[in-house]
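*Asks:* What follows is a single structure, and I will ask about it in a moment.
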Amino acid sequence: MKGVILAGGTGTRLAPLTKVVNKHLLPTGKYPMIHHAVRKLAQAGIEDIMIVLGKQSAGLFLDYLGSGKLWGVRLTYRIQEEAGGIAQGLSLAEGFIGAGEKMVVLLGDNLFEDDLKPFAERFKRQEQGAMVMLKEVDDLNRYGVPVFLQDHIIFIEEKPSTPKSDYCVTGVYMYDSAVFDVIRKIRPSQRGELEITDVNNVYAMNGGLQYGLLTGWWTDAGTFESLREAGERLSNADGGER
């Protein structure tokens, strides 16, 4: 199984810091944000990882991460030329992910405590389809929220005013290689981007979307408040490398 880290985006909610440097290079604890995503995949036994970057600060990513040798992984880089959405960024991994292969996909600003290895092993045994990681949160109207029928996800509702469950979909996804065909068939949203929720809903409507639950802390470090929270939680963490 391979890994994909999506670290593009403009990080407008963290301006003016992100006018200087890509948000995934901002410090969270002792290390840049991107460090933790690479480390989580390495700990899960994933050795081949593609990082999808925006053009901003691409050289700084290379300076810090290099080939991935210090984490025991092999890193490949791909540039996302425009802000086309998460699904568009994921589509750039086609070719890196071969036919019949599976992948773990992380949004680079999602930081979390849980070990991914048990979930990755479970997804390896899943014949086909996708898996999303869920987390119980209070501010559900900020996220995609799964709708369940007899413990199966049948739909993900984006930023609902009346949530139909207590869980949000985090930025931790697992897909089979058929995801690239799914991405080709979806259409841009009203904001002109290819949305990952639309991809997940194709799998859900076909009965192929499984899920796992994160039980430790989780945050999407895309705001000053959540960036500060992540830094506090990770300030005493052992980065393990570098």
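*Asks:* Which of (1) among the basic types (K, R); (2) under 27 Å from V73 (Cβ atoms); (3) touching a helix residue (DSSP H, G or I) at 6+ places or on another chain (Cβ under 6 Å) is the odd one out, the single condition K159 does not satisfy?
*Replies:* If we test K159 against (1) among the basic types (K, R); (2) under 27 Å from V73 (Cβ atoms); (3) touching a helix residue (DSSP H, G or I) at 6+ places or on another chain (Cβ under 6 Å), just (2) comes out false.
*Asks:* If you don't mind, there's one more thing I want to ask. Identify the single condition in (1) open to solvent by 20 Å² or more (accessible area, probe 1.4 Å); (2) under 20 Å from L116 (Cα atoms); (3) in contact (Cβ under 8 Å) with a residue 60 or more places away in the chain; (4) not β-branched (V, I, T) that G171 does not satisfy, given that it satisfies every other one.
*Replies:* (1)
*Asks:* Among the residues of the range 79-113, which ones are surrounded by fewer than 19 Cβ atoms within 10 Å (Cβ to Cβ) and closer than 21 Å to T215 by Cα?
*Replies:* Result: E113, single match.
*Asks:* Still on this structure, I have one more. Consider A37 against the criteria (1) open to solvent by less than 20 Å² (accessible area, probe 1.4 Å); (2) not in a helix (DSSP H, G or I): it satisfies all of them except one. Which criterion is unmet?
*Replies:* Result: A37 passes all but (2).
*Asks:* Do we have any residue at all in the range 123-137 that's among the aromatic types (F, W, Y), touching a residue at least 24 places away in the same chain (Cβ under 8 Å), over 23 Å from G54 (Cβ atoms) and open to solvent by 30 Å² or more (accessible area, probe 1.4 Å)?
*Replies:* no
*Asks:* Let me ask something additional. Those residues that are open to solvent by less than 10 Å² (accessible area, probe 1.4 Å) and either in contact (Cβ under 8 Å) with a residue 40 or more places away in the chain or among the aliphatic types (A, V, I, L, M) (or both), I need them from the range 144-168; list them, please.
*Replies:* G144, V145, P146, I153, I156
*Asks:* Could you tell me which residue of the range 62-78 is most open to solvent (accessible area, probe 1.4 Å), considering only residues that are part of a helix (DSSP H, G or I) and of a type outside the set (D, E)?
*Replies:* K69
*Asks:* What's the total number of residues in the range 194-205 that are under 22 Å from G108 (Cβ atoms) and either open to solvent by less than 40 Å² (accessible area, probe 1.4 Å) or in contact with a Leu (Cβ under 7 Å, 6 or more places away or on another chain) (or both)?
*Replies:* Counting residues in the range 194-205 that are under 22 Å from G108 (Cβ atoms) and either open to solvent by less than 40 Å² (accessible area, probe 1.4 Å) or in contact with a Leu (Cβ under 7 Å, 6 or more places away or on another chain) (or both) gives 6.
*Asks:* Separate question: Being assigned to a helix (DSSP H, G or I) and at pLDDT below 95 is the filter; apply it to the range 40-61 and report the residue that is most open to solvent (accessible area, probe 1.4 Å).
*Replies:* Taking the range 40-61 and keeping what is assigned to a helix (DSSP H, G or I), we get 40-43, 58-61.
Those still in the list that are at pLDDT below 95 too: 58-61.
Details: A58: 21, G59: 42, L60: 85, F61: 1 Å².
That would be L60.
The values are calculated or read from the model by the stated rules, or taken from the named source; none is laboratory data. What you see is a predicted model; the values in this text were computed from it and never measured. Ideal geometry is used to build each Cβ from the backbone, glycine not excepted, and the neighbour counts take in all protein chains shown. These accessible areas exclude ligands, DNA and RNA; they are computed on the full protein's heavy atoms, side chains included. Shrake-Rupley method; radii C 1.70, N 1.55, O 1.52, S 1.80 Å.
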